[in-house]
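To start, the structure itself, in C-alpha cells.
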Amino acid sequence: MEKLQESIYQLIVETSTNLPNDVRRAIAAAKEKENAGTRAALSLSTISENIQMADEKVSPICQDTGMPTFEIKTPVGVNQIKIKKAIYAAMEQATKDGKLRPNSVDSLTGQNSGNNLGEGTPVIHFSQWEEDVIDVRLILKGGGCENKNIQYSLPAELEGLGRAGRDLDGIRKCIMHSVYQAQGQGCSAGFIGVGIGGDRTTSYSLAKEQLFRTVDDVNPNEDLKKLEDYVMENANKLGIGTMGFGGEATLLGCKVGAMNRLPASFFVSVAYNCWAYRRLGVVLDQQSGDIKEWLYKDGERIDLNDTTEEVAAAAEKKNVREVVLEAPVTEEQIRELKVGDVVIINGMMHTGRDAIHHHLMEHDAPIDLNGQIIYHCGPVMLKDDQGNWHVKAAGPTTSIREEPYQGDIMKKFGIRAVMGKGGMGPKTLKALQEHGGVYLNAIGGAAQYYADCIKAVKGVDLMEFGIPEAMWHLEVEGFAAIVTMDSHGNSLHADVDKSSLEKLAEFKEPVFK
Ligand code: SF4
C-alpha cells in the first residue's frame, strides 16, 4: 500500500508540474508558426518560460490544478478499493505539499474541503483488462477550459454556420463552432476531444476520453481522421490566437471518437483543454505497486526555455508601448492607457475572485481599495513553520465570471484596474469608460512566471472563503499584462470575436457530402 501510494503521489506531482512530450512538441510547433513580436507570440514565449520554470522548481504549471481524473486498468483480481485509498492519501499529501491547489468545493455551502477530497473528487474510473500490470492515467483539467466545453444536439442552428444536420458535415460545423465560441478563453492555444453519439453523459465522457490520446496519434477510422485533419487545417484560420489575442495558433490538437446513439438523439460533445494539457500515466507492478514505466514520455522532449530576455526582446521588436503602474493609480494615468499597451505593475495588488466579488456587493472592503489593482486569481499558497505564507503558483483566473459585479464594485470602491484572463463583457466595458478604469489581460496559466513576480505576501483577508477565494495582499515587481479593454470603449476581445465570426461564416458551405 505504501509503495502504491508513493507511485501515485509521483504521478500526481509529475502531472501537475511537467507536460508530456507530445504536448511540448505541439507548443513548440505553434511558436514556430506565430509571427515574432505579436501579442500572441509574446504570450507563447511567456507560456514556454512558465513551463520551464514549473519543471525546474517542481511547482504547479498552473495555479488551477484542475479536476483530477484517473483512468485505471487493473488485472482481474486486483483490489480496486486499495487503489482508491492510495489515491486519496496521495492526493491529500500532494495538496499539503503545494503540488495541488485545494480545489474541491461543496456545491451547496461553498466550503472548500482543503484536501482535494470530497463527493465526486477526484474522478476515478476503473476497468479490467487481461494484462498483468496496472495502468494508471491522469488528467488535471482546469476549470477555465472545462467551462468552455460544449454539447450540441443535432440538428441545430449555429451562429455563423447556419444549419448543422445529422451527418459528418453537421459534426464538422459543431467542431468549428466549438473553437469559435471558446474565443481563446479556456487559455488557448488549446486541444479538443470530441465525442459523437451516446447519450448526453456518455457523449461528454467519450469527448474527454479523446484527451487521453496523444496529439500525434492517427485515428484508425477514415472518416474521423478526415474530420480531425480538416479541423486542424481550418480552425486556426479563425484567427483567434493564443489567449484570444488574435494570431495563428488557436488549436493544437483535435481528436474525435464516435459511439452508437439512440435513433432520436444525436449529440456532439466537445471537451476543451487549455495549453496546460497535464496528462501523464504510469504502468505499475500489480504486486509491489512500483512504477515499471512512464506513459506519454515517448519521442523527442523539447525544452521550452525562452528566457525573460528573449521575451523582452520580442516585445521590443514589435515596438510595444510599455507603461509602469504602481498603486494608488490615478484616473489620469488610466485614461492614458490604450488597448495593446503592455503594463508593468510594481507595488501592491489584491486578489479577488468569485466569493470576494459577491461579498463586496453587499459589504465594505477589508482595506481601502481606492486607486488599487484587483487581480482575478486563486493562488496556490503554502504556510511555513513560522506561519509565513508563500506563493507557489499565481496565474490569472477567468474574468468573465465577475461580469455581473465588476463595474459596480470598481465604482463603489474606486478601483482603477482589474486584471485576469479572457476579457470581460459590455457591462464592464461601459463601467471602465464611465469611471476611468482598465482591464488587463495576464497570460492564462503562467502561474510560475507570475509567482516569480510576487516579492512578498503582505497579508490576507476573508480567509473564511478558503485559500483560492480569500483576498491576498501581494507586493509585486515587474508583473506584466496587456491592456485589452481601455477607458475609451475599446475591447480587443470584442474585435477578435467579430472578426472570427466573419471568418467562421466562410466555413458554412458543405465539405463532406
Ligand atoms: S491554463 Fe488556464 S484554463 Fe488551463 S488550468 Fe490554467 S487557468 Fe485554467
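The values are calculated or read from the model by the stated rules, or taken from the named source; none is laboratory data. Keep in mind the model is a prediction, meaning the values are calculated, not measured. Because the Cβ atoms are built from the backbone with ideal geometry, glycine has one as well, and the counts that use them run over all protein chains shown. These area figures cover heavy atoms from the full protein model, side chains too; ligands, DNA and RNA do not enter into them. Shrake-Rupley method; radii C 1.70, N 1.55, O 1.52, S 1.80 Å.
The calculated FRET efficiency for the pair Asp368 and Glu130, based on their C-beta separation and a Förster distance of 56 Å, comes to about 0.25.
What does the helix-only formula give at 222 nm for the chain: each DSSP H stretch with n ≥ 4 adding -39500 (n - 2.57), the total divided by the residues, and the result rounded to the nearest 500 deg cm²/dmol?
Working: 15 runs with 174 residues, N = 513.
It lands at -10500 deg cm²/dmol.
Considering only DSSP beta bridges whose two residues both sit in the chain, what percent are antiparallel, to the nearest 5? Roughly 65 percent of the DSSP beta bridges within the chain come out antiparallel. Dividing the Cα radius of gyration of region 188-251 by its Kirkwood radius returns 1.02 for Rg/Rh. When you count the other C-beta atoms within 10 angstrom of each residue and take the mean per peptide, 229-242, 176-189, 390-403 line up highest first as 176-189, 390-403, 229-242. In this structure, the residue pairs whose Cα-Cα separation is over 23 Å, taken from Lys225/Lys498; Lys148/Lys208; Lys237/Lys430; Lys141/Lys237, are Lys225/Lys498; Lys237/Lys430; Lys141/Lys237. The charge dipole of the chain, taken about the Cα centre with unit charges on the Cβ atoms of Lys, Arg (+1) and Asp, Glu (-1), comes to about 940 debye, rounded to the nearest 20. Sorted from greatest to least, the principal axis extents spanned by the alpha carbons of region 362-513 come out as 67, 38, 29 Å. Unpaired Cys in the chain, meaning no second Cys C-beta under 4.7 Å: Cys62, Cys174, Cys254, Cys377, Cys453. Assuming 1.567 mPa s and 4 °C, estimate D for region 236-291 with Stokes-Einstein, Rh taken as the Kirkwood radius over Cα pairs, in µm²/s. D = 83 µm²/s.
Order the peptides 21-31, 68-78, 46-56 from the highest to the lowest mean number of other Cβ atoms within 10 Å of their residues.
Numbers: 21-31: 20.6, 68-78: 17.3, 46-56: 22.5.
The packing order, highest mean first, is 46-56, 21-31, 68-78.
Of all beta bridges that DSSP places with both ends in region 184-288, some 45 percent have antiparallel geometry. Return the tail of the calculated pair distribution for the chain, meaning the percent of Cα-Cα pairs more than 40 Å apart. It works out to 21 percent of all Cα pairs.
A probe of 1.4 angstrom, applied to the heavy atoms of all protein chains, finds Asp364 with accessible area near 120 square angstrom. Computed over region 18-84, the range of Cα coordinates on each principal axis works out to 57, 22, 20 Å, biggest value leading. Atom-type composition of the exposed protein surface of the chain places 48 percent of the accessible area on carbon and sulfur (1.4 angstrom probe).
Computed over region 288-440, the alpha-carbon pair-distance distribution with 5 angstrom bins reads 2, 8, 14, 16, 17, 13, 10, 8, 5, 4, 3, 1, 0, 0, each value a whole percent.
Would you mind classifying region 371-449 by shape? Square roots of the alpha carbon gyration tensor eigenvalues, ordered a ≥ b ≥ c; an a/c under 1.5 is rounded, otherwise it is prolate if a/b is larger than b/c and oblate if not. Since a/c reaches 1.5 and a/b is larger than b/c, the shape of region 371-449 is classed as prolate. A 1.4 Å probe, protein heavy atoms only, puts the accessible area of Asp384 near 40 Å².
At 1.4 Å probe size, with every protein chain present, just tell me what the per residue accessible area of the chain comes to in Å².
Working: 20540 Å² over 513 residues.
Value for the chain: 40 Å² per residue.
Restricting the calculation to Cα atoms, region 1-140 yields a radius of gyration followed by a Dmax of 17.6, 57 Å.
Accessible-area rank, largest first, for Ser265, Ser16: Ser265, Ser16, with all protein chains present and a 1.4 angstrom probe.
Across the protein chains, with a 1.4 Å probe defining accessible surface, the residues Tyr9, Tyr88 rank Tyr88, Tyr9 from largest area downward. In the assembled protein chains, Lys96 presents an accessible area of approximately 140 Å² (probe radius 1.4 Å). Bridge orientation summary for region 310-448: considering DSSP beta bridges with both residues in this region, about 20 percent are antiparallel.
Is the C-alpha gyration tensor of region 159-204 telling us rounded, prolate or oblate? Criteria: a/c under 1.5 is rounded; beyond that, a/b larger than b/c is prolate, otherwise oblate. The shape class here is oblate. Working note: Debye formula, equal point scatterers on the alpha-carbon atoms of region 41-122, no solvent; log10 I(q)/I(0) at q = 0.26 Å⁻¹ is -1.20. Of the residues Lys498, Lys33, the one with the largest accessible area comes first in the ranking Lys498, Lys33, computed with a 1.4 Å probe on protein heavy atoms. The length gained on full extension between Asn79 and Arg200, counted as 0.36 nm times the residue separation minus their Cα-Cα distance, comes to 40.5 nm.
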